[in-house]
Amino acid sequence: MNKKLYFTVGPSELYPTVAQHVQSALDEKVGVISHRGKQFEAIYKNANDGIRTLLNIPSDFHIFFLSSATEIWERIIENCVEHTSFHCVNGSFSKRFSEFSTELGKKAFIEKADFGKGFYPDKINVPAEAEIICLTYNETSSGVSMPVEDINKFREKNKEALIFVDAVSALPYPKLDFSKIDSTFFSVQKCFGLPAGLGVWIVNQRCMDKANSLLKKGKSIGTYHTLPSLLSKGKDNQTPETPNVWNIYLLSKVVEDFNKKGVDTIRKETELKAKMLYDYIESSQNFSFAVEDVRLRSFTTIVANTKISAADINKKLEPFDMAIGSGYSSYKDTQVRISNFPANSVEQMETLVKKMKELFN
């Protein structure tokens, strides 16, 4: 049996109650039920209602289940862009999102920041022709975050453009202001502590209206996962295709657990654990901050420069059944990435930090 505790940024440590929910799913034969039956409709509704409560999502927003956040990038461009998109790019994931736009034949305006750097909205001018503004709350590759108050400034300066927020490795931590954005989305294999294979897309009526307007113009907005098709089935607590019923069920149960604990408690614990890690990095001789601007340091993906490769660190942590993540891509040997998700408890984080101090100073 693998007893290792993972502080990796995705796929990440499973939430502690997942095992019991898996057993419940087996007992209820969730894996073989019809996605057009009443049992699935109840699962869908429970997941939908739970997410709405957890994130305080207004009633005029819709929640849809797709295969991944990567798919959601594509659906955003297909459904909500006729000609132009705008992207703040400061890492591998925000960059890939912008590439989807050009690969789908659109024009992508890009505001670029170096790896490990962030954005300052007061200095950014979004072109008037940009139909959507794509922002990344938490750039998983670099550990740079965009504070909610900075996200809100984009609405103040851009009333007409649709604003999309990639919160893949952050929710439910950020307290997003849904009056200032049009959509956000996440994947379950990070902060929700579930197996990969499910993306959650939250959109408002403005997004729906844009998709419908493109349809009326005779534009293609995709096939089975268009916003109109998702909404048509979603009204009946169903999906257009045979979905990942298993993971939607597990998500509904973990969200129930989150709501019992309380999102405010989850957020406070996230900040406490982040402080433990950042205090350690500041005092360490082998690690240093990868994100210089303290205001832009992620609370959920802590990234540090390292004099010791992640591979060597994990070799020394292995006897203690712990593992952290390596840096992303070309930073694999020069940085480490440590998850700070709800599945990583305060006590577990204390144990990790203590062991890191003993082993690496």
Candidates S330, S229, S309; GNM for the chain (alpha-carbon contacts under 10 Å) flags as most fluctuating S330
When each of K175/K233; K180/K233; K29/K95; K268/K355; K106/K159; K95/K175 is checked by Cα-Cα distance, pairs over 31 Å: K29/K95
What is the dipole size for the range 18-260, taken about its Cα centre, with +1 at each Lys and Arg Cβ and -1 at each Asp and Glu Cβ, in debye to the nearest 20? 260 debye
Please state the shape class of the range 1-144: rounded when a/c is under 1.5, otherwise prolate if a/b exceeds b/c and oblate if not, all from the C-alpha gyration tensor. prolate
Within the range 146-176, list the GluC sites (Glu not before Pro) lying in a DSSP loop whose Cβ has at most 14 other Cβ atoms in a 10 Å radius. E160
Please report the antiparallel percentage of the DSSP beta bridges confined to the chain, to the nearest 5. 55 percent
Work from the charge dipole of the range 18-260 (Cβ charges, +1 for Lys and Arg, -1 for Asp and Glu, about the Cα centre) and give the residue of F258, V81, V144 farthest towards its positive end. V81
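Return a whole-number percent for the relative contact order of the range 224-361, with Cα pairs under 8 Å and 6 or more residues apart as the contact set. Walk me through the intermediate numbers first.
Numbers: 138 pairs, mean separation 29.3, N = 138.
RCO, the range 224-361: 21 percent.
Looking at the range 72-214, send over the antiparallel percent of its DSSP beta bridges, to the nearest 5.
Values: 7 of 24 bridges.
Of the beta bridges lying entirely in the range 72-214, close to 30 percent run antiparallel.
Suppose a student asked you for the relative contact order of the chain, using Cα pairs under 8 Å spaced at least 6 residues apart; what percent would you report?
24 percent
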Could you grab the relative contact order for the range 11-165? Cα pairs under 8 Å, six or more apart, rounded to a whole percent. 18 percent
Which of the aspartates and glutamates could be linked to K219 by a straight reach, that is with a Cα gap under 20 Å, when you skip same-chain ones fewer than 8 residues away? E71, E74, E78, E82, E103, E129, E131, D209
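Read-outs: derived from the displayed coordinates by stated rules, not from any lab. These numbers come from a predicted model, not from an experiment. Because the Cβ atoms are built from the backbone with ideal geometry, glycine has one as well, and the counts that use them run over all protein chains shown.
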